[in-house]
Ligand SMILES: [Zn+2]
């Protein structure tokens, strides 16, 4: 199984573990095909809800734990160009729009991607996800020769509003790398992984599909950049 060959893939998400569930397989496949992949992670997820019970972390130690998890996930995926952009978790939505857009423009100028992957604005659920998606869309929207922009959407009304995703990658050949990426973020994903592994063991086709089919929407350009 292969996916279209790109010149360079730029992946932008706000939190460590945003890459794991929906995109890590696609990232691994690009890397196996010899395409350079840059993963820009805007925060260290230091406000992560899960400190464990009993706690495995404090507010102070969580960023270091999640930083190590992010590095482990990148290694599992095979990403060698990991950028930690140094913003603060839960504050991305309050960053200045232009500052955020400039950050994205700089990343794009440096990496010259033929494909950019982020969340789909208005279908990304979390305010940090939305702010990230908006900044990426704004930066790409200003370009004369735009790279492809593939977006992950998971709001409840996604299917109703956007229809079926136009891009579905079967990542079964890198399934183990994807599971390793999800496992790397164990402080946040333990519960979810347990449930998934249970379903996989029972041979539930839905769980297997959820794991091995990664879904993207090509961003639909409109007139959102009149300002
Ligand atoms: Zn997130």
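Miscellaneous remarks
- Look at (1) modelled with pLDDT under 95; (2) within 15 Å of the ligand (Cβ to nearest atom); (3) buried (at least 17 other Cβ atoms within 10 Å of the Cβ) and you find that residue 65 fails only one, number (2).
- If the condition is being away from the ligand (no atom under 16 Å from the Cβ), out of contact with any helix residue (DSSP H, G or I) (no Cβ under 6 Å at 6 or more places or on another chain) and part of a helix (DSSP H, G or I), then segment 12-43 contributes 26, 30, 31, 32.
- Sub-8 Å Cβ pairs linking a first residue in segment 120-131 that is under 14 Å from residue 22 (Cα atoms) to a second residue that is near the ligand (Cβ under 9 Å from one of its atoms) and in a helix (DSSP H, G or I), at least 6 apart or interchain, are 124/132; 129/18, ordered by first then second residue.
Rundown of residues vs (1) within 29 Å of residue 207 (Cα to Cα); (2) surrounded by fewer than 16 Cβ atoms within 10 Å (Cβ to Cβ); (3) away from the ligand (no atom under 16 Å from the Cβ); (4) at pLDDT 95 or above, yes/no style:
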| position | (1), (2), (3), (4) |
| --- | --- |
| 97 | no, yes, yes, no |
| 108 | no, no, yes, yes |
| 113 | no, no, yes, yes |
| 137 | no, no, yes, yes |
| 152 | yes, no, no, yes |
| 157 | yes, yes, yes, yes |
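- Odd one out for residue 88 among (1) within 16 Å of the ligand (Cβ to nearest atom); (2) surrounded by fewer than 18 Cβ atoms within 10 Å (Cβ to Cβ); (3) not in a loop (DSSP other than H, G, I, E, B): (3)
- Verdict on residue 75 being over 22 Å from residue 151 (Cβ atoms) and not in a helix (DSSP H, G or I): no
The values are calculated or read from the model by the stated rules, or taken from the named source; none is laboratory data. Note that the coordinates shown come from a computational prediction; the quantities given were computed from them, not determined experimentally. Because the Cβ atoms are built from the backbone with ideal geometry, glycine has one as well, and the counts that use them run over all protein chains shown.
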